[in-house]
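The values are calculated or read from the model by the stated rules, or taken from the named source; none is laboratory data. The shown structure was predicted, so the numbers you read here are calculated from the model rather than taken from an experiment. Don't worry about glycine lacking a Cβ; one is built from the backbone with ideal geometry, like all the others, and counts go over all protein chains shown.
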Amino acid sequence: MGARTPNQVDRRVVRTRRMLRDGLIALLHSRPWDEISVQDICERADVGRSTFYVHFADKEELLLAGFDDLRAMLRAQLGAPAGSGAPLQFAKSMIEHAHENRRLFSALVGKRSGQVVLRQFRALVVELVREDVAMAPATPRREAAVHFIAGAFLDLLSWSLEQPRAVEVAELDGWFVAMSGAALALARGRPSRP
């Protein structure tokens, strides 16, 4: 057996990380975060514990890697650097992705998510909003608006996933952008009109 090429190793790493992520996702559908152990993830993914720890320090790091992948996917779909176009463009793609993966997102932002999951997901949304208002001067007012918008987005997304009949993605995105207008104006230092 010859030496492995870098592509062979990379494919194995990617496959193992995907199996672990998919194992975590499957578990999140059926159990609250706090009831999921690394051993549970390993068993679900059919991966040994030692292999898990080669890739991740703990289940939180695995979760964060999934959020990093989501962030990269959202930004790739936009095709433009953050802050270069209309604000809050990530929202439509995330709403669409959430509605396509309703069970997963319900586990991430729903009642069973657990504080760690919700806090990490919120941090992702805060970062996406912050990037979109980066042109505004860094002030406490901007940060307050960023957190206000992120919190509103999370609540709106969670609400939409609980509805028996799905709200159209474009309509939900339009509501979000319209409702966030005053906070965006505040973040940019412009007075909002009532």
Among the listed residues 27, 62, 74, which satisfies the condition of being modelled with pLDDT of 90 or more, within 20 Å of the chain's Cα centre (by Cα) and either assigned by TED's automatic domain parsing to the domain that holds residue 124 or crowded, with 17+ Cβ neighbours inside 10 Å (or both)?
62
Contact list, first residue from the stretch 9-22 and touching a residue at least 24 places away in the same chain (Cβ under 8 Å), second anywhere and surrounded by fewer than 11 Cβ atoms within 10 Å (Cβ to Cβ), beta-carbon distance below 8 Å, six or more apart or interchain, is 19/46
Scanning for something farther than 26 Å from residue 26 by Cβ and small (Gly, Ala, Ser), does the stretch 114-134 turn up at least one residue?
yes
Which number in (1) crowded, with 17+ Cβ neighbours inside 10 Å; (2) under 15 Å from the mean Cα position of the chain (by Cα); (3) touching a residue at least 24 places away in the same chain (Cβ under 8 Å) marks the one condition that residue 102 misses?
(1)
Between residues in the stretch 142-159 that are in a helix (DSSP H, G or I) and residues that are among the aromatic types (Phe, Trp, Tyr) and crowded, with 16+ Cβ neighbours inside 10 Å, which pairs lie under 7 Å by C-beta distance while being six or more apart or on different chains?
153/176; 156/176
Suppose the filter is more than 24 Å from residue 62 (Cα to Cα) and without any contact (Cβ under 8 Å) to a residue 40 or more places away in the chain; does residue 132 pass it?
no
Exception for residue 114 within (1) on the phi < 0 side of the Ramachandran plot; (2) at pLDDT below 90 falls at (1)
Of all residues in the stretch 47-64, how many are assigned to a helix (DSSP H, G or I) and in contact with a helix residue (DSSP H, G or I) (Cβ under 7 Å, 6 or more places away or on another chain)?
9
Considering residues of the stretch 163-179 that are surrounded by fewer than 16 Cβ atoms within 10 Å (Cβ to Cβ) and touching a helix residue (DSSP H, G or I) at 6+ places or on another chain (Cβ under 8 Å) only, the residue nearest to residue 135 (Cα to Cα):
179
